[in-house]
Structure formats: structure tokens, C-alpha cells
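> Can you keep this structure in mind? I'll have questions shortly.
The values are calculated or read from the model by the stated rules, or taken from the named source; none is laboratory data. All values derive from a computational prediction rather than experimental measurement. As a convention, Cβ positions derive from the backbone with ideal geometry for all residues, glycine included, and neighbour counts pool all protein chains shown. Ligands, DNA and RNA are stripped out before the accessible areas are found, and what is left, the full protein with its side chains, is counted by its heavy atoms. Shrake-Rupley method; radii C 1.70, N 1.55, O 1.52, S 1.80 Å.
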Amino acid sequence: MDKFIVYNSKLKGDVTISGAKNAALPILSATLLTDKLCVLKNVPDLLDIRTMLKILQTLGKEISFKQGTVVIKSTGKREKYTAPYSLVRTMRASFCCLGPLLAKNRKAKVALPGGCVIGPRPVDLHIKGLMKLGADIKINKGYCIASAKKLKGAHIYLGGQFGSSVLATANVMMAAVLSKGITIIEHAACEPEIIALGIALKKMGANIEGEGTPIITINGVDCLNGLDETVIPDRIEAATFLAAALVTRSDITIKKVNFKHLTAVLEAMENMGAVFNIKEDSIGIKSPKVITPVSVTTLPYPGFPTDVQAQLMSCLCFAKGISMITEKIYPDRFMHIAELNRMGAGIQRSGPYAIIEGRRRLFGAEVMASDLRASAALVIAGLAAEDKTEILRVYHIDRGYEYIETKLRHLGAKVKRVKQK
Ligand code: UD1
């Protein structure tokens, strides 16, 4: 297992943002809807992507992945329909194979992903949506076993306790494109990754309207064609680099981004004193000398993303005054608080609220990465803390950030990866 050693740094220059993992994963599973050739470009080389490619192979696809391009062919062998627990448990997004497998083969067996460190992550909305389309779904020995003689369009309300669900919307969309008749998904997720999935499915011949709005209408077709598509830029990686600049009071430029996907993040950082120079596909950030405290609430898109909550918190540890973060998507997604406090931060949590008392200095310590975005937050804090920060268990970060230490070093950060015994 690797660890990162991070020192106080100043950043400068520019960094190119990779393709979005969270856009690539559902599109990769959508290739199960066709036997034709599919090509996906700008795919980040990440552990989660490799896991999804293994699942596709297990399900009978032939895969090549070179220089950011994934080529997927059908092997022509009898179709398989089981996504095993050994792969699904390492990445919840594998559950979005269920919809396309069911729609294409009329049967699917996908391991239930179980809980994870950011809290309970149920799949009831996925199951409800697919049952509305006519699927018969049973849970047996940790597997979700779905079958259907035929799938039929339906009117589906997909809102849950915490609002819309990104992957449930993706799963139901993918099943509905091959269902007979019209499906209307109400309270659909509006995330850019859902728009990207809709665009990809339409390129394959699906009939979809309204992706990116809370009401998506799908008119089912008999079969889908192949795909040649490019993955959208990773808005979460972009926000992470902006946070790294802000916390180190640096000026950098992030390239190959879509600023329209980052409105809530840019707004929060502007309120913290950052000044942005926004161009068609790049964002320059000029950081303030003193960070102003803010109150931020995570919400489904276009609200402030939960996937940037931890990174923003690291920045707010250095603000002049008291900030508050309210986590409305995953109320327990606060594992990073204890680690940041070990570095001298002043954060108190009560339920879904975190009160952050800004401090002038944090001190490097040995800390433990608990999940993907929390790991990024600890790296960010380490870049602004005094002395040396050692972040253990950084395999989490490799699930979601392509070449992170190379990119940070390119910006002048003092970061190195060390093999842990
Ligand atoms: C996706 C992202 C993840 C991000 C999350 C929220 C991918 C691969 N992952 O995850 O990085 O943090 O969106 O923006 O795209 N819920 C239910 N029942 C369900 C499904 C979800 O109650 O059946 C709840 C969840 O527990 C959570 C909320 O709905 O409280 C939103 O979760 P959801 O949008 O489904 O997250 P994912 O799609 O799994």
C-alpha cells in the first residue's frame, strides 16, 4: 500500500483536467446495451475504470484500453449476465450494469454493493425504477437477481429521502431505452454526467428528451447501435485543483474544463475571496491572501457537490473566522474531520453540520485516508500545513484522480509517493 508525503507548497503554472470518472462509468456500462463496436475517448486511467472494464470482460466483452481510448467489442460468445461481488464490492458504480444487462438480456444478476465509509448507500430507487418497468427483482445471497419477459415504459417518480439519485437515474434510463413505449422519469438527477449519458445513448440511437432536467422522457427503441464518444472533463478533479490553489494562496490555471459545470463551486470560492479568469475551456484562479469564511450546503446538481465538500473544508480550516458546512446528500460523510483535527484544525460536527473555526496554521501529521474525496482533502490540507504530512492508504485517491502526484508536482507541489511496508 502506498502513502503520500506532502510538504507545505506554493503552486504555479497550469494543469490539464482528465475525463470524468463519474461520466465514463455509466457510459461504459451502457455499452452492454449493444453488440456493436463502442469507442470511448478521454477515459481516465483509474482503478475504478479498470474495475468497470473487468466487469465488462466478465460479462463477455473484449476490451482494449490504450492512451485514454477504450475499444469494446462483443466476443460473440453466449451472453453472460452476472456481475460478481468480488468486483462490485470495490466500486458501487458497478451496480449500474443492472439496468443495461436486464434490458439487453432480460436477465441480470448483480452483487449488492453494501455500505461504505461515507454512510449507508441504499439501492432502493434503482430497484423501484426497474420494477416499474416490469422487472421481477429478488434479493438472494447478496445478489440482486432481475428478470423480465419484456420491459414496458412507465411513469416513474425517482425522488428519495435525499433528493435525486445519479446512478438510479442512469440505471433506469439505460433500461428504459430498450423498453417498449414511453417512460417518464420524474425527479431525475440533473448532473452533467446524466446529460453526458443521455447524449451517448442518443448517439447509439436511443430516443431521449429532457436529460439535465428533473423530467426525462424516453421512447423505447428495439435495438441500439455502436458508439464513438468522448468523456466530458472531470468537474470534481477541477474543483480539487482549484481548492489546492486556494489553500496554498496560489495562482494557477486549470485547462480542459467546462466552467458551466462548476458554477456552485466557483461561487463558493469567489465568496472566499478567489478571483477567476474564465475562458472557453480554462479557468485561472487568483487566490486571496486571506480566506473569507463561508457557509455552504451540499445539494444535488446544480447545488454544491458533496464530492467537493471535504476539499472545501480543508480550505476553510485556514479561513479568517467561522464557517459552516451542511452535508445534505451523505449526512455521515465527515470521516476527514477527525484527521484534519489531528493536524490542528478546529472543526466540530453535529449531525449533518460541521462548524469550522479557521486557524492561521495547521501542522503536518500522520493521517489516514478514509475515502476518495477525503484523501484529496488531506493532500490539500498537507500542502498548506507546516512540516511534513504523511497520508496513509492513498489507494483511495488512485480510484478517482489520474496521475494526481505527477500533476501536483508539475504545479510545483512537494508531494511524493512512498511504498508502505
Ligand atoms: C454518485 C457519484 C458520487 C456522488 C453521488 C452524489 C458516481 C459513480 N458516483 O453516486 O461520486 O457522491 O452521486 O452526488 O457517479 N439514495 C437512496 N436510494 C438509492 C440511491 C441513492 O436513498 O437507491 C441516496 C443516497 O444514499 C444519497 C443520495 O440518495 O443520500 C444521493 O446518492 P446518489 O446520487 O444515488 O449517489 P450515487 O449515484 O451512488
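> Tell me, what ³J(HN,Hα) does each residue in segment 217-228 have, in order and in whole Hz, if you take phi through Karplus 6.51 cos²θ - 1.76 cosθ + 1.60 with θ = phi - 60° and put x for Gly and Pro?
Once rounded to whole Hz, the list reads 10, 10, 9, x, 10, 6, 8, 10, 8, x, 8, 9.
> At a 1.4 Å probe radius, carbon and sulfur cover how many percent of the accessible area of segment 286-333?
Taking all protein chains in place, segment 286-333 shows 62 percent carbon and sulfur surface.
> Based on Cβ point charges of +1 for Lys and Arg and -1 for Asp and Glu, what charge dipole magnitude is obtained for segment 21-230 about its Cα centre, in debye rounded to the nearest 20?
My answer is approximately 920 debye.
> Then there is this: Can you figure out the FRET efficiency of ASP332 with LYS419, using R₀ = 30 Å and their beta-carbon distance, to the nearest 0.05? Write down the numbers at each step before the final one.
Values: r = 32 Å, r/R0 = 1.05.
Calculated transfer efficiency: 0.40.
> Got a sec to turn the phi values of segment 306-314 into Karplus ³J(HN,Hα) couplings, 6.51 cos²θ - 1.76 cosθ + 1.60 with θ = phi - 60°, whole Hz, x for Gly and Pro?
Whole-Hz 3J(HN,Hα) from phi for segment 306-314: 4, 6, 10, 4, 5, 5, 5, 4, 4.
> Of the options VAL15, GLY220, ILE184, report the single residue whose Cα projects farthest towards the positive end of the charge dipole of the chain (beta-carbon charges: Lys, Arg +1; Asp, Glu -1).
Sorting the options by dipole projection puts first GLY220.
> Same structure again: In segment 201-239, which trypsin sites (Lys or Arg not before Pro) are in a loop and have at most 10 other Cβ atoms within 10 Å, using DSSP for the loop call?
none
> Now for a separate question. Could you work out [θ]222 nm for the chain from helices alone, using -39500 (n - 2.57) per DSSP H run of at least four and dividing by all its residues? Round to the nearest 500 deg cm²/dmol.
Details: 14 runs with 130 residues, N = 421.
Dividing the helical sum by the residues of the chain leaves -9000 deg cm²/dmol.
> For the residue pair ASP124 and VAL221, what label-to-label distance in nm results when each label sits 7 Å from Cα along the Cα-to-beta-carbon direction?
Output for this residue pair reads 3.5 nm.
> So, one more: Would you work out the charge dipole size for segment 123-220 about its Cα centre, treating the Cβ of every Lys and Arg as +1 and the Cβ of every Asp and Glu as -1, and quote it to the nearest 20 debye?
Value, rounded to 20: 540 debye.
> If each residue of separation counts as 0.36 nm, what is the full-extension length gain between SER282 and LYS36 once their alpha-carbon separation is subtracted?
Values: separation 246, 0.36 × 246 = 88.56 nm, distance 3.50 nm.
Full-extension gain reported as 85.1 nm.
> Could you provide, to the nearest whole Å², the per residue accessible area of segment 21-230 with probe 1.4 Å?
42
> Place +1 on the Cβ of every Lys and Arg and -1 on the Cβ of every Asp and Glu in the chain, take the dipole about the Cα centre, and give the residue among GLY76, TYR301, VAL379 whose Cα lies farthest towards its positive end.
GLY76
> Rounded, prolate or oblate: which fits segment 21-230 when a ≥ b ≥ c are the square roots of the eigenvalues of the alpha-carbon gyration tensor, with rounded for a/c under 1.5 and prolate only if a/b beats b/c? Walk me through the numbers before you get to the answer.
Values: a/c = 1.25, a/b = 1.13, b/c = 1.11.
Note, shape of segment 21-230 comes out rounded.
> Please list, in chain and number order, the residues 5+ apart from VAL294 or on another chain whose amide H is under 5 Å from its amide H, with Hs placed from the backbone.
Here the answer is MET324, since their amide H atoms fall under 5 Å of that of VAL294.
> Only four residue types carry charge here, +1 at the Cβ of Lys and Arg and -1 at the Cβ of Asp and Glu. Report the dipole size of the chain about the Cα centre in Debye, rounded to the nearest 20. Walk me through the numbers on the way to the answer.
On the way: 58 positive and 37 negative charges, 224 e Å.
Charge dipole of the chain: 1080 debye, to the nearest 20.
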